[in-house]
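Everything below concerns the one structure shown next.
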Amino acid sequence: MSKNETNQQEDDQILRQAQDNEELDYIDEDPLDIGEILSSWEIPETTEFKKSKKWYLYFIVIIVALLIYSYFSSNPLFAVIIVFFTIMYWILEKKETTALPFAIAEDGIVIGQKFIEYKKIKNFYIIYQPPKIKTLYFDTSNPITPIVNIPILDQNPAEIRKILLQYLDEDIEKEEIPTSESVGNILKL
């Protein structure tokens, strides 16, 4: 079996897994309407950071300081929000990261169970500074998630760029990761 046939079978398998789940959004509700899969790989659902005991100590000190502040400022709602945030963070921290299928197709991209049409994507850019940063970014028209980032992992960024240029414009002015992601990386959140 040739490499292309093997890759096509893997692409078809990833798409079938996504199609089996009825929550996948399709164009016109037709699962065949996404076109041929041009590239696919699995991505982690979330980015995991190694955190030292020192990081956890700082986290606890900040939480306690915020709770003390809420007490002295007579703001119990703020204390409830801090406790809620801490519990939610702890739950998400303990949750195991799962792998999501990602595919670049003729009519858009598939991320897990979500299909995004190219007409909903303004442009893309790749930040490739191995080994630390290897990420594909999509600027979308969605105000809730305006930037979608996809880890490239072991994929060839030149090949991904070549495929996407057929459908989207590239923002060549972007050379750094978004500020929100930088802050998240620094804080290890």
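Computed from the coordinates by the stated procedures, all read-outs in this text should not be read as laboratory data. Just so you know, these numbers come straight off a predicted model, no measurement behind them. Cβ coordinates were reconstructed from backbone atoms using ideal geometry, including for glycine residues, and neighbour counts include every protein chain displayed.
Loop-located trypsin sites (Lys or Arg not before Pro) in region 120-189 (DSSP state not H, G, I, E or B) with no more than 16 neighbouring Cβ atoms inside 10 Å: 132, 174, 188.
Cross-linked pairs 51/134; 50/120; 95/174: Cα-Cα separations exceed 26 Å for 50/120; 95/174.
Length available on full extension from residue 182 to residue 63: 0.36 nm per residue minus the Cα-Cα distance, which gives 40.7 nm.
Determine, from the Cβ-Cβ distance of residue 98 and residue 144 and an R0 of 22 Å, the FRET efficiency 1/(1 + (r/R0)^6), rounded to the nearest 0.05. Display every interim value, and only then the final one.
Working: r = 22 Å, r/R0 = 0.99.
The formula returns an efficiency of 0.50 here.
Kirkwood analysis of the Cα pair distances in region 53-94 returns a hydrodynamic radius of 10.7 Å.
Scanning residues 5 or more positions from residue 105 or on other chains, those with amide H under 5 Å from its amide H are 38, 110, with H placed 1.01 Å from N in the peptide plane.
FRET efficiency for the pair residue 120 and residue 47, taken as 1/(1 + (r/R0)^6) with r the Cβ-Cβ distance and R0 = 22 Å, rounds to 0.40. The phi torsions of region 46-61, fed into the Karplus equation with coefficients 6.51, -1.76 and 1.60 and a -60° offset, translate into couplings of 9, 8, 9, 10, 7, 10, 7, 4, 4, 4, 5, 4, 4, 4, 5, 4 Hz, rounded to whole numbers, with Gly and Pro shown as x.
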